[in-house]
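First comes the structure, then the notes that go with it.
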Amino acid sequence: MALTVADVFARLGSVLVVDQIGRLDAVVTGTLVTDPEYPISPTEGALIVAPGFRAHSAAFRDLMRTAISARSAAILLKGPLPVHFGSDDIAVIGVDSRTDWGQLLGLIRAASETSRFTDYSEDSLFGLADAIAASCGGPVVLHDPGWQLLAYSGGAPMDEVRNESILGRRAPAAPLAELGSIGLLDSLERGDVIAVQDNEIAGMSRRYAVAVRAGAELLATIWLQPDGEASHREIEVCLRKAADNAALPLLRHAAAGLGGASSGDAAFSALLAGKQTERIVAERLGVELDAGFVLCAMRPTTVDERDRAATARRLRALARSYCDAFRVRAQLAVGPDTTYLVFPAADQEQRQSAVRIVSDIHGRLQSTAPHRAVVSSTYHSLTETRAVSLNTNELLELAERRGWTGLTDSEHVQASWQLEQFREVALAHPALLSGPISRLSAQDRAHQTHLVDTLRTYFDCVGDMKIASQKLGLHVNTVRYRINKAQEIGRFSLDDPDDRLLAELQVRLVT
């Protein structure tokens, strides 16, 4: 079925599309990405994505003129459009300026699934690497934001780090850690061209690196080993120009790679960010909007912020490979440090199937990308996904605080989760935590006693003194003495139902 411009952008949702001017009934036959620095000629029926263009610029007027001549379908820009702007011969679309170009390309691919994207294969990235190497004078390696290898050029020298990167298809961990410890990775992310001297990092000869961005979105990093006598300033100028020229090929490559199931992943990412793309996600999953769903979140266990982000990306790639290999109906997205999957779950049997799949994914990926995983309860509609993801994030934080490992099924930890919510209420109203346990805590601090720990173990053992004594490694009479002392100092009675409930609740909330 042919899709019009109006069809495509109705699927993207009103939150994403902020303005639209001109003719919306043109049929979309393909998508084309162009830029003033790296132009491609418009074609008939093309939906033209135009990063780098400004609505009032001469370059954009030229683009519009050639697009109308070629009978293209529409041009897409970021931001609202000026009043009385555009032409009756072509649609001009303004989208939310906060949307990343890479995500936007994936959304457009998902929304225009019957159209064909311009082919941009991996071979083209290797051609890009060769072109950068030729212009900057030395071999080049391109890494994605998660430090996976995108492409590399030919040429020498071949040092140990370059060899490991090519053979392992990712940047080696030890040199990355050293670069991070001396602040060079932070400088790279801030937009600086960084320089590494010979043997400053073990196994690494002299290098320069720059980040490639499309707006605020990090697309890749370029690493150059200069083989000539060019000055630092000359290399910096060359690398910055290479980064500008590389942005669009990298976006085109991302668009070309967003086929099949993964093109719906971009729509799922947008849904988690608050966009109204639930219709696309439902279509990709092959279900209705209110069919019932389960959300899984996986978060790396490493405490290093940069490692968490890179591992989250790796988790997403590995989980996508798993889902593709085993034909699992799921969509994936990655946040700053968390990977998400959404599964259809119309009934309890489907939910259990999703839990088994997540458990299998978790077990397979734990050795290469250590992480915690949480599975939500079933929720009714995809419109609830963002709210469910926020609750799932809070449960992941609870799992980290409690030291839970492996896979956590939210339906099995409802009591712990609800106690955590009681804790939030108590922290907002400190008077709720005053009373018996605060008096015992003061006693423990002043006299190095262990009354609170003993009382907690007593409650854990449902008041069984013998089992509590075994857990504590104490004689049962010692435990009995401590419990009596706790009641005396705390001024409460375990025989009183209200006193007992308050004491146990406070123990759970403050420890």
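The values are calculated or read from the model by the stated rules, or taken from the named source; none is laboratory data. Here the structure is a predicted model, which means the values were calculated and not measured. For neighbour counting, all protein chains shown are included, and Cβ atoms are generated from backbone atoms with ideal geometry for every residue, glycine included. Each accessible area value is taken on the protein alone, full model and side chains, heavy atoms only, with ligands, DNA and RNA left out. Shrake-Rupley method; radii C 1.70, N 1.55, O 1.52, S 1.80 Å.
Under 19 Å from a label point 7 Å along Cα→Cβ of Lys241: give me every residue in segment 196-228 with its amide N that close. Those under the cut-off are 208-213, 222-228. About the centre of its Cα atoms, the chain shows a dipole size close to 700 debye [charges on the beta carbon of Lys, Arg (+1) and Asp, Glu (-1) only; nearest 20 debye]. When you count the other C-beta atoms within 10 angstrom of each residue and take the mean per peptide, 426-434, 224-232 line up highest first as 224-232, 426-434. Surface exposure of the chain, expressed per residue as accessible area with a 1.4 Å probe, stands at 46 Å². Can you give the net charge of the other residues whose Cβ lies under 13 Å from the Cβ of Ala195, counting K and R as +1 and D and E as -1? Summing Lys and Arg as +1 and Asp and Glu as -1 gives -2. Axis of helix 414-428 versus longest Cα principal axis of the chain: the two differ by about 90°, to the nearest ten degrees. For the chain, the residue among Thr457, Ala310, Ile132 whose Cα projects farthest onto the positive side of the dipole built from Cβ charges is Thr457. Between the Cα long axis of helix 348-365 and the first principal axis of the chain there is an angle of about 80°, rounded to the nearest 10. Stretching the chain fully between Leu167 and Thr43 yields a gain of 40.7 nm (0.36 nm per residue, less the alpha carbon separation). Can you send over the carbon and sulfur percentage of the accessible area for the chain, probe radius 1.4 Å, protein chains only? Whole-percent figure for carbon plus sulfur exposure: 51. Note on the chain: Kirkwood hydrodynamic radius from all Cα pairs is 26.4 Å, rounded to one decimal.
Against the chain, whose longest principal axis comes from its Cα atoms, helix 232-256 is set at around 80 degrees. For the peptides 385-398, 474-487, the ranking by mean Cβ contacts within 10 Å, running from highest to lowest, is 385-398, 474-487.
Each Lys or Arg adds one and each Asp or Glu takes one away; over the other residues whose Cβ falls under 12 Å from the Cβ of Arg480, this sums to +2.
Once divided by 2.2 N^0.38 Å, the Cα radius of gyration of segment 289-426 becomes 1.00.
Net charge near Ser438: determine it from the other residues with C-beta under 12 Å of the C-beta of Ser438, scoring Lys and Arg +1 and Asp and Glu -1. Around Ser438, the surrounding residues sum to +2. The string of couplings for segment 27-32 from the Karplus curve (6.51, -1.76, 1.60, θ = phi - 60°) is 7, 8, 10, x, 10, 9 Hz, one whole number per residue in order, with x for Gly and Pro.
Taking every DSSP helix (H) stretch of at least 4 residues in the chain, weighting each as -39,500 (n - 2.57) and dividing the sum by the residue count yields a mean residue ellipticity at 222 nm of -15500 deg cm²/dmol. Within a straight-line Cα-Cα reach of under 25 Å, Lys241 can be paired with the following lysines, leaving aside sequence neighbours fewer than 8 residues apart in one chain: Lys78.
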